[in-house]
Amino acid sequence: MGSGFFRLIIATSLLLTLLDVCRGSTIGICYGRNADDLPTPDKAAQLVQLHNIKYVRIYDSNIQVLKAFANTGVELMIGVPNSDLLAFSQFQSNVDTWLKNSILPYYPATKITYITVGAEVTESSSNISAQVMPAMRNVLTALKKVGLSKKIKLSSTHSLGVLSRSFPPSAGAFNSSHASFLKPLLEFLAENQSPFMVDIYPYYAYRDSPSNVTLDYALFDASSEVIDPNTGLVYTNMLDAQIDAIYYALMALNFKTIKVMITETGWPSKGSPKETAATPDNAQTYNTNLIRHVINDTGTPAKPGERLDVYIFSLFNENRKPGLESERNWGLFYPDQTSVYNLDFTGKSSVDMITETNVTSSNGTTPTWCIASSKASELDLQNALDWACGPGNVDCRAIQPSQPCFEPDNTVSHASYAFNNYYQQNGATEIACSFGGTGIKVDKNPSYDNCIYMTTGSNKTVPSNTTAISSTSSSSTMCGVPVWIVSCFLVTFMSLLSPETR
């Protein structure tokens with residue numbers, strides 16, 4: 001009985017690990033409140049639920065906000081502001097009292113899953129980075145006392161300025177001036193399986209250096225490619241390149257298990273006269289493409305299929321933020337809760353295509369399709385297919401098992417479907433059908449049976465029996481990991497269940 005009980009505990013632990021691995025990428029939103037005209041927290045919580053947003057970041061532990069999100073199912077990331085770091089770092093009793101009075105009365109009705117200890121401290125003019133680790137250890141101690149250290153993860157957020165170099169991504173490196181702060185922090189994150197949190201804004205990279213960064217590349221709309229000369233990895237958007245620069249910086253310090261979480265990103269809808277890229281159209285394009293990119297679970301070129309949790313900044317425009325006009329116009333909603341621009345949090349409306357088999361394009365010309373060359377090598381086709389369904393941001397669900405385009409189950413057929421989707425999404429241009437010479441344009445519709453090859457035009461439809469699975473085309477993966485690993489988990493799980501525990 002005793003051994004069976006322990007086997008059950010181990011088996012359950014393995015199953016929970018597998019479930020965590022299978023959790024897909026997520027989109028959340030930042031709920032900043034630096035304004036004097038915002039709706040009440042109750043109304044903000046209702047707005048979040050209305051748009052089916054499941055993850056919210058706030059920057060403190062405001063009691064009214066915690067109450068507002070009680071029993072909503074929304075997972076909350078709360079924060080210890082920089083102004084509280086000194087008190088939290090000096091005395092354990094300060095943290096214990098905060099936890100007792102500000103957190104425990106509302107938990108678990110309010111589903112708190114992360115606490116950020118400090119925000120972008122390396123950007124602060126005062127030397128507060130030295131206070132982060134003592135404060136974080138005190139928060140961990142307080143959580144351990146009440147049995148919550150495994151349920152609430154701790155980290156601290158950073159700006160991309162924590163890097164001294166971010167291009168090419170493979171040369172990503174942390175600024176050596178932050179070494180005394182970062183080393184113990186990274187050790188803490190690795191030991192406690194907490195993510196490295198970073199705020200990334202391609203908007204600023206474009207605004208401050210438009211001669212080096214194209215707007216399309218910043219907006220996920222690039223048809224051209226940026227190649228890392230050291231790795232040969234192909235980048236089609238700036239966010240992926242910046243994320244991978246963080247990963248390479250972590251690996252350079254031998255921290256290979258720490259995950260990266262994007263705790264802020266977004267695009268302003270309005271700016272000062274010189275901020276010409278801050279428009280509603282660009283903000284809508286960036287955030288729509290961002291959502292689609294994340295929920296497809298494509299990962300990044302250096303981390304294909306890697307789960308990515310991203311928080312969009314921000315829920316509302318905040319009229320009291322200092323700085324240029326854009327600083328007050330990052331919101332998805334006005335204070336009256338009307339939308340600044342339309343945004344579909346499911347990511348389904350970001351591509352506009354048609355599914356008819358016999359069509360004429362909107363300008364009257366004969367449509368074309370892009371398919372895989374039968375003369376290309378199997379290796380080249382597989383590499384191109386992996387790229388299309390990964391960094392290329394193609395929805396490859398239709399070529400998964402039991403879906404309309406899975407048969408015939410061969411690389412040429414699967415690559416043809418993926419190539420064409422990428423080709424149509426990117427303007428049906430010559431370069432969009434290159435794929436390193438493995439793609440060819442045709443004027444005969446390659447659709448067959450229920451497998452529909454799209455052309456640029458009206459609405460794209462996804463087969464009704466598709467499910468939200470990984471975007472990779474190969475059936476050799478599950479939840480972003482090889483099937484053999486998943487199989488080992490399941491076999492081990494079943495073997496640990498003796499007859500007396502089953």
* **Whichever residue in segment 208-224 is part of a helix (DSSP H, G or I) and closer than 19 Å to I262 by Cβ and, among such residues, is farthest from the chain's Cα centre (by Cα)** => Y217
* Asked: Which of the residues spanning segment 57-83 are closer than 17 Å to E264 by Cβ and in a loop (DSSP other than H, G, I, E, B)?
  -> I58, Y59, D60, P81
* Checklist (1) more than 23 Å from M238 (Cβ to Cβ); (2) crowded, with 19+ Cβ neighbours inside 10 Å; (3) more than 22 Å from the chain's Cα centre (by Cα) applied to Y423, failing item -> (1)
* To do: Go through segment 144-201 and give me each residue that's open to solvent by 10 Å² or more (accessible area, probe 1.4 Å), in contact with a helix residue (DSSP H, G or I) (Cβ under 6 Å, 6 or more places away or on another chain), small (G, A, S) and outside any helix (DSSP H, G or I).
  => S149, S159, S166, A173
* **Residue match in segment 302-310 (condition: in the same structural domain as T257 (by the TED database), of a type outside the set (A, V, I, L, M, F, W, C), surrounded by fewer than 23 Cβ atoms within 10 Å (Cβ to Cβ) and free of Cβ contacts under 8 Å to residues at least 24 places away in the same chain)** => no
* Asked: Within segment 262-270, can one find any residue that is more than 12 Å from the chain's Cα centre (by Cα), at pLDDT 95 or above and open to solvent by 20 Å² or more (accessible area, probe 1.4 Å)?
  -> yes
* Mind checking whether some residue in segment 453-470 is modelled with pLDDT of 80 or more and either farther than 30 Å from R307 by Cβ or surrounded by fewer than 20 Cβ atoms within 10 Å (Cβ to Cβ) (or both)? -> yes
* Among the residues of segment 38-50, how many are exposed (fewer than 15 other Cβ atoms within 10 Å of the Cβ) and assigned to a loop (DSSP other than H, G, I, E, B)? -> 1
* Asked: Picking from S89, S83, S102, which residue would you name as being in the same structural domain as S164 (by the TED database), more than 30 Å from I53 (Cβ to Cβ) and without any contact (Cβ under 8 Å) to a residue 60 or more places away in the chain?
  -> S89
* Which ones in segment 214-234 are farther than 20 Å from T288 by Cα and open to solvent by less than 50 Å² (accessible area, probe 1.4 Å)? -> V226, D228, G232, L233, V234
* Could you check L239 against (1) in a loop (DSSP other than H, G, I, E, B); (2) of a type in the set (A, V, I, L, M); (3) touching a His at 6+ places or on another chain (Cβ under 9 Å) and say which number it fails? => (1)
* Inspect segment 276-294 for any residue being at positive phi and either open to solvent by 30 Å² or more (accessible area, probe 1.4 Å) or not in a strand (DSSP E or B) (or both) and give the result as yes or no. => no
* Quick check, is I112 modelled with pLDDT under 95 and under 30 Å from G161 (Cβ atoms)? -> no
* How many residues does segment 243-261 hold that are open to solvent by 20 Å² or more (accessible area, probe 1.4 Å) and in contact (Cβ under 8 Å) with a residue 60 or more places away in the chain? -> 6
* Only one residue in S61, S126 is closer than 30 Å to A179 by Cβ and among the small types (G, A, S). Which one? -> S126
* Return yes when L76 is open to solvent by 50 Å² or more (accessible area, probe 1.4 Å), in contact (Cβ under 8 Å) with a residue 12 or more places away in the chain and among the hydrophobic types (A, V, I, L, M, F, W, C) and no when it is not. => no
* Output yes when any residue across segment 416-425 is part of a strand (DSSP E or B) and either modelled with pLDDT under 85 or over 24 Å from R307 (Cα atoms) (or both), and no when none is. => no
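The values are calculated or read from the model by the stated rules, or taken from the named source; none is laboratory data. Everything numeric in this text was worked out from a predicted model, so none of it was measured. Using ideal geometry, Cβ is built from the backbone for each residue, glycine included, and neighbour counts are taken over all protein chains shown. The area values use the complete protein model at the heavy-atom level, side chains included, leaving out ligands, DNA and RNA. Shrake-Rupley method; radii C 1.70, N 1.55, O 1.52, S 1.80 Å.
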